[in-house]
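Here the structure is laid out as structure tokens; the discussion comes afterwards.
The values are calculated or read from the model by the stated rules, or taken from the named source; none is laboratory data. Quick caveat, the model's predicted, so the values are computed rather than measured. Reconstructed Cβ throughout: ideal geometry from the backbone, glycine too, with neighbour counts over all protein chains shown. Calculation scope for accessible area: heavy atoms of the full protein, side chains included, ligands and nucleic acids excluded. Shrake-Rupley method; radii C 1.70, N 1.55, O 1.52, S 1.80 Å.
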Amino acid sequence: MRQQYALRSQVLAGVMAFIALAIIVQMTRIQNSVEAEVFRQQAENFAYEVKTFYPNRGEIYDRNGRLLAGQKTVYEIGVDLRNVKDPHAIAFAISRELEMDYDQLLGALQNPPENISYMILADYVDAQKALNLQALKKALQDQAPSGAYGGLTGLQFSSHPQRSYPENALASNIIGFVNREGKGYFGVEENYDNLLTGNLVQVLIPTDPNKAYEIPKVPDGTTLILTINRDLQAASEKLLDESLTEYGAQDGVIIVMDPRNGELLAVATSRRMDLNKFWNYNDIYDNATDFNPAISKTYEPGSVSKILTMAAALDSGIVTPNTTYLDTGSVMIGGATIQNWDRNPWGVQNMVGCLQHSLNVCMVNLSTQMGANKFYGYMDAFGFGHLTNVDLAGESAGRLKVPGDSDWYPVDLGTNSFGQGMSTTPVQMMAAASAVANDGDMVTPHVLYAMVRDGRQYNVPPQHAGSPISAQTAATLNEMLAISLEAESSKALVPGYRVAGKTGTAEIPVDGVYSTYETNASFIGWGPVDDPQFMIYVWLERPTTSPWGSETAAPVFSEMAQKTVILLNIPPDTIRQQLRVLK
Amino acid sequence: MNIPTHLPNVNHLIHAYRVAPWRVQRQWIGNVLLAVVVLAMVAALYLNITSQTAVSGREIQDLNNAIMISQQTSSDLHTQLASLTSATAMETRALALGFRPIESGEVEYLVVPGYVTPQPVNLASESLPQLSALTIPPEFNQSLLDWMDERLITSRGLQ
């Protein structure tokens, strides 16, 4: 009996061992079959997925920490096609809330493209609208009978950041904009696009949840602090708009810069765009140079460039402020006759009178006395014909013909001396004139004050752009310009503050002939003369109430300077002198 | 080996003290059962760790999403605040409250000893972030073999 059980046990054990062996053999066979290799390959293909981590775009602030460009949350709204229960309800809700076409939506939901399980219905949806839809989805689900699905089942919401500009159109010409693909256009957004965007990080992540992986730290894009003063920018834009109306000008620019370091404090242009609606670009601008004419639009500067001719003449030693000459009203050069702006002789004049009355004949005399080499050497040193390297996208270099160029003629030596026959941008004129206001040292205009990355702020040091004239020449010319404004009782004068500057009235060539009525009226000035802290350039294009810079641009300069001294907290000359005594 | 014939009870004694076959059988069964129990415990431990890892992985994903949403919300609120305090909005509010822009002649300057002109903003964080990630103690990511390897290297180094 016992032996019988033993035999049975042995048989049972043998059978089980056989089954176990068979299982092992089968497992080995399956593991090493051709199909297994295919499955292994498939598993490897799905073992990892490449995930891209996008950093948040850096923010943009003004110099006082006011946000100029940030992020807001918008939503992508889509449907999980496998879970859609009521396409009619989804199409209706979306069409009502997002003002989209119902039939089109329904068609897309009922006949989606093949091989997709998720379909985007709308993107960049305003947060409030998305929240309304989410609330409606929840309400329908709550109202549905137990176990049933709500009408908007399958509708999905995914939030993501979008560039937002809280100041709307303010400083739009400086900031530029970012399109929906995240690329920056114009201004700071384009010029510092790489810094603002940051570096995206791509990581291979195992799909097996057992394999722990480290989420990479994706640093945000660099935050930028601009030199711009938001309140001054707003004041300059408002004043420019008022001035265009008051003087009937077509377009205009007002720039405020610190001549000591090149920091642009305000750059106002007449055409501005709400950056949150960048798709209106084509409705506002005719071409790319219109976006920021302060750096892109070239024009003949006219008499404001007489400052630089006089600077060259003083620096080269051919004249002093007291040097006199006989103004006969006209002068021949290169076979052409150059006349004064009023076509009248002004008799014996010294160099202050030359600037005060803006005499073309005087300037031609100076440039011819210097000779082409010296004159163009100075103009080159002042940066004409070169980029200033202002850190905004789209700068133009302007044009200064020089001897040796195929289109340069001897008469150009005369016309260039009073700002005709050459082209510059407003910011170029600012850079050149900064040498006079800043003890002979030219500055590079710029808008970037500092960068903030990983919690650390890196202030950008100012860059000097050479010293075309000596400090003594600059001081002498400063005084001459201040005296000439005071002697003329210019409309550019600022109560309580001594300022230096020069008007400009440049005729605009129309069909190859200079028009008497269409002019570029401008004024460049700075103050306080003993310690220049602001430099202002005003350019009014084609003013209709008067063609003269002295009657249009000069009063705008004065008004802008009065706003500037208040907003920059610059006390009047008398108070500053008291402070100096106290120190 | 020859067994002395003068010891007739030896075989009997050997037989008497030999382990009974059923004892051997029980020992085998006991060993196999022990192995099965150990394997079951290891499997259970493995399953437990695996499930905990999976749950932790999912929690990490959820927390990452929560961080991302919080950052988005923070940026969004920051931008909303900037909109509410924009130049246009502030001017409108100031005018509505009866203020008007000051003219240059109306400003009165006072000489205040020690007054420092406001400087541009500094957005650097007061508590700077760490330059490197936190160091995880080896107990949390070192395998047994790694630990033994390290001990061996350390002991060799000490010698």
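How big is the A-B contact in terms of buried accessible area, both chains counted, 1.4 Å probe, rounded to the nearest 100 Å²?
Chains A and B together bury approximately 3200 Å².
For chain A, what size does the Cα cloud have along each of its three principal axes, sorted from largest down, in whole Å?
Extents along the principal axes: 148, 60, 51 Å.
How would segment A:15-132 be classified by its alpha-carbon gyration tensor: rounded, prolate or oblate, with rounded meaning a/c under 1.5 and the a/b versus b/c comparison settling the rest?
Here segment A:15-132 falls in the oblate category.
Would you please give the residues with an amide H less than 5 Å from that of A:Asp327, counting only those at least 5 places away or on a separate chain, with H modeled from the backbone geometry?
The answer is A:Trp346, A:Gly347, A:Val348, A:Gln349.
On average, how much accessible surface per residue is there in segment A:1-78, in Å², for a 1.4 Å probe, leaving out ligands, DNA and RNA?
Spelled out: the 1.4 Å probe surface of segment A:1-78, per residue, equals 73 Å².
Using the Cα centre as the reference, give the magnitude of the dipole from point charges on the C-beta atoms of segment A:188-296 (Lys, Arg: +1; Asp, Glu: -1; all else neutral), rounded to the nearest 20 debye.
Values: 8 positive and 18 negative charges, 74 e Å.
That gives segment A:188-296 a dipole magnitude of about 360 debye.
With each run of n ≥ 4 DSSP H residues scored as -39500 (n - 2.57), what mean residue ellipticity at 222 nm is computed for chain A after dividing by its residue count and rounding to the nearest 500 deg cm²/dmol?
Value at 222 nm, helices only, nearest 500: -11500 deg cm²/dmol.
Divide, for segment A:80-160, the radius of gyration over alpha carbons by 2.2 N^0.38 Å, where N is the residue count.
1.06
In square angstrom, rounded to the nearest 10, how much accessible surface does A:Thr574 have for a 1.4 Å probe?
90 Å²
Ignoring ligands and nucleic acids, what accessible area does A:Met422 show with a 1.4 Å probe (Å², nearest 10)?
Using a 1.4 Å probe on the heavy atoms, I get roughly 10 Å².
Show me, for segment A:477-489, the HN-Hα J-couplings you get by feeding each phi into the Karplus relation (A = 6.51, B = -1.76, C = 1.60, θ = phi - 60°), rounded to Hz, glycine and proline as x.
After applying 6.51 cos²θ - 1.76 cosθ + 1.60, I find 5, 3, 5, 4, 5, 5, 5, 5, 5, 5, 5, 8, 6 Hz.
Please give the helix A:573-582 orientation as an angle from the longest Cα principal axis of chain A, in degrees from 0 to 90, rounded to the nearest 10.
The angle comes out near 80 degrees.
Ordering A:Arg163, A:Arg180 by how much accessible area each has at a 1.4 Å probe, largest first, what is the list?
A:Arg180, A:Arg163
Compare each residue of segment A:424-465 in its chain alone against the assembly with all protein chains, and report those whose accessible area goes down by 30 Å² or more; 1.4 Å probe, heavy atoms.
A:Tyr449, A:Gly455, A:Arg456, A:Gln457
Would you mind computing the Rg to Rh ratio of segment A:258-396 from its alpha-carbon coordinates, Kirkwood style for Rh?
On the Cα set of segment A:258-396, Rg over Rh gives 1.09.
Taking amide hydrogens as modeled 1.01 Å from N in the peptide plane, which residues meet the under 5 Å criterion relative to A:Phe534, leaving out close sequence neighbours?
Here the answer is A:Gly527, since their amide H atoms fall under 5 Å of that of A:Phe534.
Treating the angle as unsigned and between 0 and 90°, give the value, to the nearest 10°, between the Cα long axis of helix A:127-143 and the longest Cα principal axis of chain A.
Computed tilt is about 20 degrees.
Considering protein heavy atoms only and a 1.4 Å probe radius, which residues within segment B:69-114 exhibit an accessible-area decrease of no less than 40 Å² in the full assembly relative to the chain by itself?
Flagged in segment B:69-114: B:Gln72, B:Ser75, B:Asp76, B:His78, B:Thr79, B:Ala82, B:Ala87, B:Ser104, B:Tyr109, B:Val111.
Relative to the longest principal axis of the C-alpha atoms of chain A, give the angle of the C-alpha long axis of helix A:553-567, reported between 0 and 90° and rounded to the nearest 10°.
Helix A:553-567 sits roughly 60 degrees off the main axis of chain A.
HN-Hα J couplings of segment B:34-39 from phi, Karplus 6.51/-1.76/1.60, θ = phi - 60°, integer Hz, Gly and Pro as x?
Ordered by residue, 3J(HN,Hα) equals 4, 4, 5, 4, 4, 4 Hz.
Given the convex hull of the Cα atoms of segment A:316-427, what is a quarter of its surface area in nm²? Intermediate values should be presented prior to the final figure.
On the way: hull surface 31.5 nm².
Here the figure is 7.9 nm², rounded to one decimal.
³J(HN,Hα) across segment A:419-433 via Karplus (A = 6.51, B = -1.76, C = 1.60, θ = phi - 60°), whole Hz, x for Gly/Pro?
x, 10, x, 9, 10, 9, 10, x, 5, 5, 5, 4, 4, 5, 5
Sorting A:Tyr517, A:Tyr102, A:Tyr285 by accessible area (1.4 Å probe), largest first, what list results?
A:Tyr517, A:Tyr102, A:Tyr285
What does the C-alpha gyration tensor say about the overall shape of segment A:145-247? Classify as rounded when a/c is under 1.5, otherwise prolate if a/b is larger than b/c, or oblate.
The shape class here is oblate.
How would you classify segment A:458-560 from its alpha-carbon gyration tensor, with a ≥ b ≥ c the square roots of the eigenvalues: rounded for a/c under 1.5, else prolate if a/b is greater than b/c, otherwise oblate?
prolate
Any idea of A:Phe46's accessible area? Nearest 10 Å², probe 1.4 Å.
Counting only protein heavy atoms, the figure is 150 Å².
Suppose we keep just the DSSP beta bridges with both residues in the protein assembly as shown; what percent of those would be antiparallel, to 5?
95 percent
How large a share of the accessible area of segment A:493-583, in percent, is made up of carbon and sulfur atoms when the probe is 1.4 Å and the other protein chains stay in place?
Details: 1960 of 3610 Å².
Taking all protein chains in place, segment A:493-583 shows 54 percent carbon and sulfur surface.
Show the residues, 5+ positions off or on another chain, whose built amide H is closer than 5 Å to the amide H of A:Tyr118.
Here A:Leu81 satisfy the definition.
Based only on the alpha carbon positions, what is the Kirkwood hydrodynamic radius of segment A:187-281, in angstrom? Working shown, then result.
Details: mean 1/r = 0.0572 Å⁻¹.
Averaging 1/r across every pair of different Cα atoms and inverting gives 17.5 Å.
For q = 0.13, 0.15, 0.20, 0.25 Å⁻¹, what log10 I(q)/I(0) does segment A:263-334 give under the Debye formula with an equal point scatterer on each alpha carbon and no solvent?
-0.67, -0.75, -0.99, -1.26
In debye, nearest 20, what is the charge dipole magnitude of segment A:27-80 about its Cα centre with +1 on Lys and Arg Cβ and -1 on Asp and Glu Cβ, if you could check?
Charge dipole of segment A:27-80: 340 debye, to the nearest 20.
How many angstrom lie between the C-alpha centres of segment A:360-412 and segment A:63-105?
Using only Cα atoms, the two centres lie 56 Å from each other.
Taking the Cα centre of chain A as origin and charging only Cβ (+1 Lys, Arg; -1 Asp, Glu), how large is the dipole, in debye to the nearest 20? Before the final figure, lay out the partial values.
Values: 42 positive and 62 negative charges, 431 e Å.
Computed about the Cα centre, the dipole is about 2060 debye.
Which one of A:Gln349, A:Val402, A:Phe18 is farthest out on the positive end of the charge dipole of chain A, using unit charges on Cβ (Lys, Arg +1; Asp, Glu -1) and the Cα centre as origin?
A:Phe18
On a 1.4 Å probe surface of the protein chains, which of A:Lys277, A:Lys401, A:Lys137 comes out largest in accessible area, and what is the full order?
Details: A:Lys277 100, A:Lys401 40, A:Lys137 65 Å².
Descending order: A:Lys277, A:Lys137, A:Lys401.
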